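Here is the structure we will look at.
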Amino acid sequence: MEIPKIFDSEYRFCLILWEHEPVNSTQLVQLCKEQLDWSKATTYTVIRRLAERGVLKNENATVTSLVSKEDVQVAELDEMVERTFEGSIPAFIAAFCRSKKLSEKELTHLQKLIDEYKEG
């Protein structure tokens, strides 16, 4: 399943949804007012647009996601690596490591992930 594109403000909305789902749409409006300073109309517009794109469903005033946070993050990362690094994971990692100092714990964790990937 291809993950629909989720734009920045929609992603902030989805973070609230993922944290509270399933959530009543009235409660979601209140959460978006508190956390995003959105009006009721803005929240319902985003709910409608994301429902049309298959990101969430709104049935009987209960909103639930149809895609996970992890799936959206992977899709965004894949798009960014393809666009910015011509699909090269090593180029992405090299650029990342030049811009951020990794701790010994982070390096160990990355090495463990690589080793697990090699093993299948």
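We did not get these values from a lab; they are worked out from the coordinates using the rules stated. Given the structure is predicted, the values throughout are model-derived calculations rather than measurements. Note: ideal-geometry Cβ built from the backbone for every residue, glycine included; neighbour counts use all protein chains shown.
Structure summary
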item	result
Karplus 3J(HN,Hα) series, Hz, for the range 19-31 with 6.51 cos²θ - 1.76 cosθ + 1.60 (x for Gly, Pro)	6, 10, 6, x, 9, 5, 4, 5, 5, 5, 4, 5, 4
Helix 89-99 axis, angle to the chain major axis (alpha carbon atoms, nearest 10°)	90 degrees
For L56, residues with placed amide H under 5 Å, excluding near neighbours	A51, L66
Shape call, the range 8-69: gyration tensor on alpha carbons, a/c limit 1.5	rounded
Degrees, to the nearest 10: 104-119 long Cα axis against longest axis of the chain	90 degrees
Protection proxy ranking of 73-81, 22-30, 9-17, 97-105 - average other beta-carbon atoms within 10 Å, highest first	9-17, 22-30, 73-81, 97-105
Angle between the chain longest axis and helix 40-52 axis [Cα atoms, degrees, rounded to 10]	60 degrees
Over the chain: helical MRE at 222 nm, DSSP H runs n ≥ 4 each giving -39500 (n - 2.57), nearest 500	-22000 deg cm²/dmol
Dipole magnitude of the chain, debye to nearest 20 (Cβ charges: Lys/Arg +1, Asp/Glu -1, about Cα centre)	380 debye
Nonlocal amide H pairs with V63, under 5 Å, H built at 1.01 Å	V23, N24, S25
Average Cα contact separation per residue, the chain, under 8 Å, 6 or more apart, as relative contact order %	22 percent
Percentage relative contact order, the range 8-69, counting C-alpha pairs under 8 Å, at least six apart	38 percent
Extension gain (nm, one decimal) between E86 and S9, 0.36 nm per residue minus Cα-Cα	25.1 nm
Angstrom value of the Kirkwood radius, inverse mean 1/r, which spans all Cα pairs in the chain	16.6 Å
